1. Using 0.36 nm times the number of residues separating ALA74 and ARG151, minus their current alpha carbon distance, what extension gain do you get?
2. For ASP127, ASP28, give me the order by solvent-accessible area with a 1.4 Å probe, most accessible first, ignoring ligands, DNA and RNA.
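The values are calculated or read from the model by the stated rules, or taken from the named source; none is laboratory data. What you are looking at is a predicted structure, and each value in this text was computed from that prediction instead of being measured. With ligands, DNA and RNA removed, areas are computed over all heavy atoms of the protein, side chains included. Shrake-Rupley method; radii C 1.70, N 1.55, O 1.52, S 1.80 Å.
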Amino acid sequence: PSPEEIVHFDSQSVEGRTLLATLMLSEDVLEVNVNSEGRMARLRARLAELLPGLPEPATLEWEPLEAALEKGLAAREAGNALAPETLPEEVRGEIERDFKDNYYRKLLDEPVPMLGGRTPRECASGDPEARAELVRWLKHLENSELRGAARTGETPYALDWMWEALGLVEESA
């Protein structure tokens, strides 16, 4: 779709501000992209207000962060003059780190399904069982980053700052 055909819901995106959702309408298909189940629920509720009688979605697909990044890089490689290989390695790395920094910082305050719909900050200040779930989730994120780096041959994204931000440095070992 052309830029004119893309509707940004409650967002400003190109300037680097938060993009809450992207809606693309073509013929009789509405494609919605969000980065969390919580945002999807809020968007669906808002759409139901605006469009009474809106049917349930025919399909729901969730895509992990790594897959979305790879898809975005592949799209740029296919037709963008600023494809990753044309950028200096340090610039590309900085862009990817900034993207992940922003993504993970926002995630600290988003409900996470693996945490029973609680935010990481809620789990950090919660009971010992919630903290244990949070530790497992953080280790899952670290392992995902390690697997992604192993596939690409790049340095894995360091999540040490998240352990610190959540007061879990001692549990990170």
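1. Additional length available on full extension: 26.2 nm.
2. Sorted descending by solvent-accessible area, the residues read ASP28, ASP127.
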